[in-house]
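Undergrad: Just passing along the structure, written as structure tokens.
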Amino acid sequence: STADEEFNELCFEFGLELDEVTSEKDIISKEKGEGKAEGASDTVLYKIDVPANRYDLLCLEGLVRGLQVFKERISLPRYEKIMPAKGEGQRLIITGETVQVRPHAVAAVLRNITFTKERYDSFIDLQEKLHQNICRRRALVAIGTHDLDTIAGPFTFTAKAPSEIKFKPLNQSQEYTASQIMDLYRTDSHLRHYLHLIENKPLYPVIYDSNGVVLSMPPIINGDHTKISLNTRNVFIECTGTDMTKAKIVLDIIVTMFSEYCEKPFTVEAVEVIYPNGKTHIYPELAYRKEKVKPELINKKIGISETPSSLAKLLTRMCLNSHVIGNGNNIEIEIPPTRADIIHACDIVEDAAIAYGYNNIQMTIPKTYTIANQLPLNKLTELLRLDLAAAGFTEALTFALCSQEDIADKLGMDISATKAVHIANPKTAEFQVARTTLLPGLLKTIAANRKMPLPLKLFEISDIVVKDPSKDVGARNYRHLCAVYYNKNPGFEIIHGLLDRVMQLLEVPPNKENGYMIKATEGSAFFPGRCAEIFAKGQSVGKLGVLHPDVITKFELTMPCSALEINIEPFL
């Protein structure tokens, strides 16, 4: 419809994306089939993609407010912190026990708020979205919202042994101890994902009121006693966490979004938080701050030429109230508490660009004239790949990570001698180290293709990784070429022939002085007396030979196999 198109256009201008226009019925029938969707709602739903930095757009209230300001229908509200009369405000006392589990807490009160079904749903939904995003699935911050009229301050945030915490969790009919609660939710599709955050700690975090009523056991569940309903008038909000900065941001977002519905819109009642060391702090911070950015910087970075006053107007439309100061040399921008994502001048420039409209920026041809070139090593690799394929070998692409056995034990080497780079906490045994040779990958490929007709001729040209203390990252890559021949007979002459062909292509003659030569040697992976080292450009570049029967068996192969592996970087 035209309304949908207009809204899509508006989202785009505001830097958002209208993902799709759908309904609950559509979603269910798409996911589970038509039959399941009966009775589901036909109400039109807009799915909107919000960039990860804009926590202030994660609920309808913030999104609508942002769009109204953008369309210049309203001016940005001023968020205000109300300090209660002395001795009348709420206090949250943090005890020393919390330090080991969840050391930080902040709190605020929304006074005389009016909920409707829609507002209430949005309020819960915003908390859920914040939990998933900035709170990192409640690991960094957990939010609790409570009906203030069901409890009496001051509140205490402490930590106790699980057996000593006992309360009736949200929407349950009886009391449980904290240990029983953990068991209760182990099968809960939603809450089981948060249990690991505290379950192995000796003490669990818990918040009490002055009568010992449990408000919540963060980050798992709130108490049922303080449950919010549509009739709730005063809301006590607490955010506990392991990251203080994020806790403050989360509190600011919730109170700025929903203070709109308070009797005095956009006001929040402050709460005094008392730390274990006796110091106190007032939350929410709701901090406004001023930044100065030069108009020419904005114009230059975006590639436009607007006047300072029109740039200030663009920024004001993006909820960053701005005005020109110092004869037009500077723009002073006020960053509201809703915009924790504005950290650097470039964030301000980005908002100016969005308001100006990306599509309105004139496209220009760059002043510099450059011709791109392929990296020489990659060009050489590409050329060699074609020619090895022409020589009848099939290209394989194998994983850059493998198990320790693959590059050490199975090749008759000790892992310490390989100079391999180890993965710190490998998810699987297959991916423990970065490969130091391409051979195991090819042998595993043969093992997976044993049913294919013989002979199997495979090659790979890729990077291997070894530790190198002289490098800033402590490791370096080498581009290796590896080929294997697997048949009823070892076929050493075929692999040797391939080496000669590669050298021919690289224009390296077969002589000692300025060409290449091979010299008998022993290698743990090779059959005694059937192994040679390859010298070229005055250095050793690799080995070729017939593989040792033990290597063949360890890779679950049954036929003889010969192999060649060289470093191609010296030939650049």
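Undergrad: Given the Cα atoms of region 376-571, and with Rh set as the inverse mean 1/r over their pairs in the Kirkwood sense, what is Rg to Rh to two decimals? If you can, show how the numbers build up before the last one.
TA: Details: Rg = 16.2 Å, Rh = 17.1 Å.
Taking Rg over the Kirkwood Rh, I get 0.94.
Undergrad: Same structure again: If each residue of separation counts as 0.36 nm, what is the full-extension length gain between residue 229 and residue 2 once their alpha-carbon separation is subtracted? Could you put the intermediate results ahead of the total?
TA: Details: separation 227, 0.36 × 227 = 81.72 nm, distance 3.78 nm.
That pair, residue 229 and residue 2, stretches by 77.9 nm at full extension.
Undergrad: Something else now. Working out 0.36 nm times the residue gap between residue 199 and residue 476, then minus their Cα-Cα distance, what length gain in nm do you get to one decimal?
TA: Numbers: separation 277, 0.36 × 277 = 99.72 nm, distance 4.14 nm.
Length difference between fully extended and current span is 95.6 nm.
Undergrad: Which of the pairs 129/227; 379/467; 129/300; 81/294; 117/248 have their Cα atoms more than 29 Å apart in this structure? Each step should come with its number before you reach the end.
TA: On the way: 129/227 19 Å; 379/467 26 Å; 129/300 36 Å; 81/294 31 Å; 117/248 27 Å.
Pairs exceeding 29 Å: 129/300; 81/294.
Undergrad: Additional query: Based on DSSP H runs of at least 4 residues, each adding -39500 (n - 2.57), what is the mean residue ellipticity at 222 nm of the chain after dividing by all its residues, to the nearest 500 deg cm²/dmol?
TA: Numbers: 14 runs with 149 residues, N = 572.
Using -39500 (n - 2.57) per qualifying helix, the result is -8000 deg cm²/dmol.
Undergrad: I need the shape label for region 146-263. Rule: rounded when a/c is under 1.5, else prolate if a/b > b/c, else oblate, with a, b, c from the alpha carbon gyration tensor.
TA: In terms of gyration-tensor shape, prolate.
Undergrad: Between residue 23 and residue 186, how many nm apart are label points set 7 Å from Cα along the C-beta direction?
TA: 4.4 nm
Undergrad: Follow-up. Return the distance in nm (one decimal) between the two label points of a simple spin-label model at residue 395 and residue 163, each offset 7 Å from Cα along Cα→Cβ.
TA: The modelled label-to-label distance comes out at 6.6 nm.
Undergrad: Please report the carbon-and-sulfur percent of the accessible area for region 116-174; probe 1.4 Å, protein heavy atoms only, DNA, RNA and ligands left out. If you can, show how the numbers build up before the last one.
TA: Working: 1230 of 2710 Å².
C and S fraction of accessible area: 45 percent.
Undergrad: Follow-up. Does region 483-572 come out rounded, prolate or oblate by the C-alpha gyration tensor, with a ≥ b ≥ c the root eigenvalues, rounded set by a/c under 1.5 and, if not, prolate when a/b is larger than b/c and oblate if not?
TA: Details: a/c = 2.36, a/b = 1.94, b/c = 1.22.
Taking the square roots of the gyration eigenvalues as a ≥ b ≥ c, region 483-572 is prolate.
Undergrad: R0 = 22 Å: FRET efficiency of residue 343 with residue 363, Cβ-based, nearest 0.05? Working shown, then result.
TA: Details: r = 29 Å, r/R0 = 1.32.
Step by step, r from the Cβ atoms, then E = 0.15.
Undergrad: Membrane-span-like helices in the chain: DSSP H runs reaching 18 Å or more (Cα, own axis), mean Kyte hydropathy at least -0.5? Intermediate results must be reported in sequence, preceding the final value.
TA: Values: long enough: 117-132 (23 Å, -1.48); 244-258 (22 Å, 1.43); 376-390 (21 Å, 0.35); 492-505 (20 Å, 0.76).
Qualifying helices: 244-258, 376-390, 492-505.
Undergrad: So, R0 is 60 Å and r is the distance between the beta-carbons of residue 385 and residue 300; what FRET efficiency does that work out to, to 0.05?
TA: On the way: r = 45 Å, r/R0 = 0.74.
Given R0 = 60 Å and the Cβ-Cβ separation, E is 0.85.
Undergrad: Please list the non-local residues whose amide H lies under 5 Å from the amide H of residue 204, H modeled 1.01 Å from N, same-chain partners needing a gap of 5 or more.
TA: 160, 161
Undergrad: Another question about this same structure. In Å², what does the accessible area per residue of the chain work out to with a 1.4 Å probe?
TA: On the way: 29520 Å² over 572 residues.
Solvent-accessible surface per residue comes out at 52 Å².
Undergrad: Please arrange 149, 409 by accessible surface area, largest first, computed with a 1.4 Å probe and ligands excluded. Working shown, then result.
TA: On the way: 149 100, 409 80 Å².
Reading off the accessible areas and sorting them downward yields 149, 409.
Undergrad: Counting only protein heavy atoms and a 1.4 Å probe, tell me what percentage of region 376-571's accessible area is made up of carbon and sulfur.
TA: Details: 5500 of 9940 Å².
Of all accessible area on region 376-571, carbon and sulfur atoms account for 55 percent.
Undergrad: Further question: Just one of [x] 42.7, 168; [y] 33.4, 95; [z] 24.0, 75 is Rg and Dmax of the Cα atoms in Å as worked out from the coordinates here. Which one is it?
TA: [y]
Undergrad: On to the next question. How far, in nm, would the chain grow between residue 125 and residue 72 when pulled straight, counting 0.36 nm per residue and subtracting the alpha carbon separation?
TA: Details: separation 53, 0.36 × 53 = 19.08 nm, distance 2.74 nm.
Residue separation times 0.36 nm, minus the Cα-Cα distance, leaves 16.3 nm.
Undergrad: Can you classify region 87-155 as rounded, prolate or oblate using the Cα gyration tensor, where a ≥ b ≥ c are the square roots of its eigenvalues, rounded means a/c under 1.5, and otherwise it's prolate if a/b beats b/c and oblate if not?
TA: Details: a/c = 3.04, a/b = 1.10, b/c = 2.76.
Judged from the Cα gyration tensor, region 87-155 comes out oblate (a/c at least 1.5, b/c at or above a/b).
Undergrad: For the pair residue 282 and residue 49, how long in nm is the line joining their label points, each one 7 Å along Cα→Cβ?
TA: Result: 4.3 nm between the two label points.
Undergrad: Over region 216-282, what percent of the accessible surface lies on carbon and sulfur atoms, probe 1.4 Å?
TA: Working: 1190 of 2340 Å².
In region 216-282, the share of accessible area belonging to carbon and sulfur is 51 percent.
Undergrad: Residues with amide H under 5 Å of residue 93's amide H, sequence separation 5 or more or different chain, H placed in the peptide plane at 1.01 Å from N; which?
TA: Here the answer is 155, 156, 157, 274, since their amide H atoms fall under 5 Å of that of residue 93.
The values are calculated or read from the model by the stated rules, or taken from the named source; none is laboratory data. All of these numbers come straight from a predicted model, not from anything done at the bench. All Cβ positions, even for glycine, are placed from backbone atoms using ideal geometry, and neighbour counts span all protein chains on display. The protein model used for the area step is the full one, side chains on, heavy atoms only, and it has no ligands, DNA or RNA in it. Shrake-Rupley method; radii C 1.70, N 1.55, O 1.52, S 1.80 Å.
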